[in-house]
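The values are calculated or read from the model by the stated rules, or taken from the named source; none is laboratory data. Just so you know, these numbers come straight off a predicted model, no measurement behind them. Positions of Cβ are generated from backbone atoms using ideal geometry, with glycine treated the same way; all protein chains shown enter the neighbour counts.
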Amino acid sequence: MFHHVEAVLFDLDGTLIDSAPDLGAAVDKMRTDRGLSSFPLAHYRHMAGAGARGMIGLAFGMTPDHPDFDAMKEEFFVNYENCMTERTRIFDGVVNLINALVARGLSWGVVTNKSSRFTDPLTAAMPLFSTARAIVSGNSTPHAKPHPEPLFEAARRLSVDPARCIYVGDDERDIIAGLAAGMGTVAASYGYLGQQTDISSWNAHLHIDFPIDLLKYLHSA
């Protein structure tokens with residue numbers, strides 16, 4: 001399906017790594033620290049891609065316009081910093097996928113809305129990312145996804161025409177950004193998906209049920 005591909009870019013949480021257990025643990029600690037009951041991971045998992053807004057919303061029913069939200073967000077961030085590599089794992093098949101891309105001579109990178117405050121130490125701690133040639137965080141450019149600028153920035157760092165890049169993500173904003181950047185887009189149906197489960201409505205060029213499936217659709221010539 002995709003021809004003349006020179007680079008593959010990925011979202012991070014829900015696409016390459018399953019960080020939901022650590023994100024859920026960080027916000028659930030806020031509940032137990034206040035004497036509230038603990039929620040199971042399943043309560044948080046589907047909104048793990050929504051960061052502090054999603055986690056605090058599920059844990060406390062609090063929205064960003066609440067006067068205490070900023071303080072709660074910073075508490076969540078500190079908790080997450082203290083545990084962000086304890087339970088996070090790489091999705092099955094991702095290591096084989098990345099190794100295959102590298103073996104084919106394709107560049108790869110990460111474009112995430114996660115702040116560099118977390119992206120940098122997290123990716124530095126995981127050997128998977130040692131071959132990534134670009135890691136663009138949510139604060140690396142003036143705009144975050146669904147704006148295409150982070151994807152353009154990644155393409156610039158890779159010295160690759162955006163039209164020769166593929167972007168893989170598990171949220172509709174990933175597909176919106178990828179399409180706006182003129183990239184091939186792939187919806188990762190194994191990811192978090194937020195509240196949206198009908199990924200066909202995202203208008204991605206392709207959806208995959210397992211990371212390794214991507215290889216069947218990549219052609220460098």
- [ ] Filter region 1-23 down to the residues that are part of a strand (DSSP E or B) and not small (Gly, Ala, Ser), then identify the one that is surrounded by the fewest Cβ atoms within 10 Å (Cβ to Cβ).
- [x] Phe2
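Of all residues in region 153-178, count the ones that are farther than 25 Å from Gly54 by Cα and part of a helix (DSSP H, G or I). Quick ask: steps written out before the conclusion?
To start, the set of residues in region 153-178 that are farther than 25 Å from Gly54 by Cα comprises 153-166.
Pick out the ones that are also part of a helix (DSSP H, G or I) and you get 153-158, 162-164.
Residues meeting the conditions: 9.
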- [ ] Count, please, the residues in region 152-176 that happen to be within 21 Å of His207 (Cβ to Cβ), more than 13 Å from the chain's Cα centre (by Cα), hydrophobic (A, V, I, L, M, F, W, C) and buried (at least 20 other Cβ atoms within 10 Å of the Cβ).
- [x] 2
- [ ] Could you please tell me which pairs satisfy a Cβ distance under 8 Å, a separation of 6+ or placement on different chains, a first residue in region 145-169 that is outside the structural domain of Ala187 (by TED's automatic domain parsing), and a second residue that is part of a loop (DSSP other than H, G, I, E, B)?
- [x] none
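Condition (residue is assigned to a helix (DSSP H, G or I), in contact (Cβ under 8 Å) with a residue 12 or more places away in the chain and of a type in the set (Asp, Glu)) applied to region 204-211: is it met by at least one residue? Give the derivation first.
Here is the first cut: in region 204-211, the ones assigned to a helix (DSSP H, G or I) are 211.
Imposing the further condition that a residue be in contact (Cβ under 8 Å) with a residue 12 or more places away in the chain reduces the set to 211.
Subsequent filtering for residues that are of a type in the set (Asp, Glu) retains none.
No.
With respect to Ala26, determine if the residue is more than 30 Å from Leu218 (Cα to Cα), in contact with a Lys or Arg (Cβ under 7 Å, 6 or more places away or on another chain), surrounded by 12 or more Cβ atoms within 10 Å (Cβ to Cβ) and not assigned by TED's automatic domain parsing to the domain that holds Gly169.
On the way: more than 30 Å from Leu218 (Cα to Cα): yes; in contact with a Lys or Arg (Cβ under 7 Å, 6 or more places away or on another chain): no; surrounded by 12 or more Cβ atoms within 10 Å (Cβ to Cβ): yes; not assigned by TED's automatic domain parsing to the domain that holds Gly169: yes.
So Ala26 does not fit the description; no.
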Task: Conditions (1) of a type in the set (Val, Ile, Thr); (2) loosely packed, with under 14 Cβ neighbours inside 10 Å; (3) in a helix (DSSP H, G or I): number failed by Thr63 - done: (3)
Open item on the list: Among the residues that make up region 42-50, is at least one of them among the hydrophobic types (A, V, I, L, M, F, W, C), modelled with pLDDT of 95 or more and outside any loop (DSSP other than H, G, I, E, B)?
Closed with: no
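Residue-by-condition table, conditions (1) touching a strand residue (DSSP E or B) at 6+ places or on another chain (Cβ under 8 Å); (2) surrounded by fewer than 16 Cβ atoms within 10 Å (Cβ to Cβ); (3) in the same structural domain as Asp171 (by TED's automatic domain parsing):
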site: Val95; (1), (2), (3): no, yes, yes
site: Asn99; (1), (2), (3): no, yes, yes
site: Arg104; (1), (2), (3): yes, yes, yes
site: Gly109; (1), (2), (3): yes, no, yes
site: Ala124; (1), (2), (3): no, yes, yes
site: Ser140; (1), (2), (3): no, no, yes
Open item on the list: Anything in region 66-79 that is under 15 Å from Ser115 (Cα atoms) and either touching a Ser or Thr at 6+ places or on another chain (Cβ under 9 Å) or loosely packed, with under 15 Cβ neighbours inside 10 Å (or both)? List them, or say none.
Closed with: Glu74, Phe77, Val78
Open item on the list: Go through (1) more than 25 Å from Leu214 (Cβ to Cβ); (2) over 15 Å from the mean Cα position of the chain (by Cα); (3) not small (Gly, Ala, Ser) for Asp92 and report which single condition fails.
Closed with: (1)
